[in-house]
Amino acid sequence: MFDEGPLSAIFNAMVLPMFRYMVELPAAIAKGRSSQVIWIEAKSYYPVQESYYWRTSKDHVTAAIDDIANGLQAGETVPRTMRAAYHGISQRWTSD
């Protein structure tokens with residue numbers, strides 16, 4: 001019935017993705033809220049927009065942020081910390 005034709009296009013392009021979104025989004029939100037993993041992001045906007053990412057647990061958030069902030073203040077590009085694992089950088093050039 002829904003092999004090829006206008007009804008299959010409507011079903012496969014609109015109804016099915018909307019149904020998946022309605023079912024999977026609440027499950028993803030619940031999984032994220034119950035997770036013990038916390039992501040820390042440090043951003044720089046000039047001359048290049050950069051974002052640095054670390055991952056830590058709920059128990060070490062405050063200490064990890066303090067370690068990262070102290071390292072950035074000391075001029076380290078990627079401060080090392082025992083409480084958070086560095087995961088990478090994302091860069092984007094800003095337009096003038």
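Overview of results
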item	result
Test: residue in region 60-81 that is in contact with a helix residue (DSSP H, G or I) (Cβ under 6 Å, 6 or more places away or on another chain) and not hydroxyl-bearing (Ser, Thr, Tyr)	yes
Residues being within 20 Å of Arg83 (Cβ to Cβ), of a type outside the set (Phe, Trp, Tyr) and out of contact with any Phe, Trp or Tyr (no Cβ under 6 Å at 6 or more places or on another chain) - total across region 6-42	4
Every pair of residues 6+ apart whose Cβ atoms lie under 6 Å, when the first sits in region 54-77 and is within 18 Å of Arg33 (Cα to Cα) while the second is in a helix (DSSP H, G or I)	Thr56/Ala64
Only one of Arg20, Arg33, Arg55 that is at pLDDT 90 or above and among the charged types (D, E, K, R)	Arg55
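The values are calculated or read from the model by the stated rules, or taken from the named source; none is laboratory data. The model shown is predicted, which means the values in this text are computed figures rather than measured ones. Neighbour counts are summed over all protein chains in view; Cβ atoms, including those assigned to glycine, are modelled from backbone coordinates with ideal geometry.
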